[in-house]
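Report on the structure given below.
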Amino acid sequence: MEKYNLPNLPYGYKDLEPYISEEIMALHHDKHHATYVNNLNTAAEKHPELFEKKPEELLMNLNDVPEDIRMAIKNNGGGHVNHLLFWSTMAKGGGGNPKGKLAEEIEKTFGSFAEFQQKFNDEGVKRFGSGWVWLIKTKDGNLQIISTANQDSPISDGHTPILLNDVWEHAYYLQYKNMRADYLKAWWNVVNWLEAEKRFIEA
């Protein structure tokens, strides 16, 4: 029985500075993400056959997860999977504008890249409490900006994440205090558009 584990970040803790500090990245990955992985393992140990499935599969089929641990899997499996996606959504030397098919689709759907950014940021600011803001490809094949509460994931509803930003306070508070809007604006400087394009094409 192989338990779920916490992979290393795909870059160094300092690599997203000055937009996201080394202190935030270390705390966010080593403490917050690690806690989700530990709690996911604790829940899954009650039904060890679940370890045969990837956490994404559990989230896609929550109704098949035993009821006594379903909420724990939703929260901690979501926390694990959302953070894995989030880390790869960012890159050292990221930012700029999207290119290729994703750029075309963003322009077609939202009018322009600037309008898309504005709508994405607005959705992130409006999310009450903790959660995430997403660009998803819906199961109908359309691009859409949504936000979710806590560690809820759009993959549970059959959608494909293309881009996501974490708006839990632990993602920004040490650096941006209560200015979530400033964090959302700064975050575009580290976006990994190559990864977003790859997800869009695979979807």
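The values are calculated or read from the model by the stated rules, or taken from the named source; none is laboratory data. Predicted model only: the values in this text are computed from it and were never measured. Glycine also receives a Cβ, built like all others from the backbone with ideal geometry; neighbour counts cover every protein chain displayed.
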Looking at 102, 62, 40, 50, which one is closer than 20 Å to residue 202 by Cβ, modelled with pLDDT of 95 or more and not acidic (Asp, Glu)?
102
When every residue in segment 103-125 that is surrounded by 17 or more Cβ atoms within 10 Å (Cβ to Cβ) and of a type in the set (Gly, Ala, Ser) is compared, the one farthest from residue 198 (Cα to Cα) is 124
Residues to consider are 80, 28, 33; find the one that is touching a Gly at 6+ places or on another chain (Cβ under 8 Å), modelled with pLDDT of 95 or more, within 26 Å of residue 188 (Cα to Cα) and not assigned by TED's automatic domain parsing to the domain that holds residue 131.
33
Might you check whether a residue that is surrounded by 17 or more Cβ atoms within 10 Å (Cβ to Cβ), in contact with a strand residue (DSSP E or B) (Cβ under 8 Å, 6 or more places away or on another chain), on the phi < 0 side of the Ramachandran plot and assigned to a strand (DSSP E or B) occurs anywhere in segment 168-188?
no
Can you give me the ranges of the helices (runs of 4 or more DSSP H) entirely in segment 1-83 with at least 1 residues that are farther than 30 Å from residue 175 by Cα?
34-44, 55-60, 67-72
If we ask which residues in segment 131-142 are surrounded by 15 or more Cβ atoms within 10 Å (Cβ to Cβ) and either out of contact with any strand residue (DSSP E or B) (no Cβ under 6 Å at 6 or more places or on another chain) or of a type in the set (Val, Ile, Thr) (or both), their number turns out to be 3
